[in-house]
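Comments concern the structure below.
Bear in mind these aren't lab numbers, they're just calculated from the coordinates by the rules spelled out. Model, not experiment: these values are computed from the prediction.
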Amino acid sequence: MNFRAPVGALFLAFSGAVLAAESSPTTDSKEDPAAAKSIGVVRMLADRTIMVGVGSGDRAQAVLMLRPGDTQYQPLIDHVGGLKPGDTKSIPPWPDPPSPSHSSDAPPPAPSER
């Protein structure tokens, strides 16, 4: 059985959903700053699979499918503020990791330098 045609159609349909969600007139960057900085869009399908489209511009540059039980499934749902079958939401960027604290003290000398 050739799965390329259905997957291709699904990818094109999702790319269109990404475009529609990212250019939606109801999302004003002044009202929702996270939407203005979106890194992509997620959509939960009826079987609870999450379709993730990431990228910038008017099309998804990558599409990923996450199924229940995947290690990134629940963290992604939590990150977008919850998701139910049929929902489509923008993905806000993840916060930057804290920068390491820099000490003005010099590191201890190497054992060979003691």
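Per 0.36 nm of contour for each residue apart, how much would the distance between Arg67 and Lys84 grow if the chain were fully extended, relative to their Cα-Cα spacing?
4.8 nm
Label the range 41-100 by shape, choosing from rounded, prolate and oblate, from the square roots a ≥ b ≥ c of the eigenvalues of the Cα gyration tensor; if a/c is under 1.5 it is rounded, and otherwise prolate applies when a/b is larger than b/c, oblate when it is not.
Judged from the Cα gyration tensor, the range 41-100 comes out oblate (a/c at least 1.5, b/c at or above a/b).
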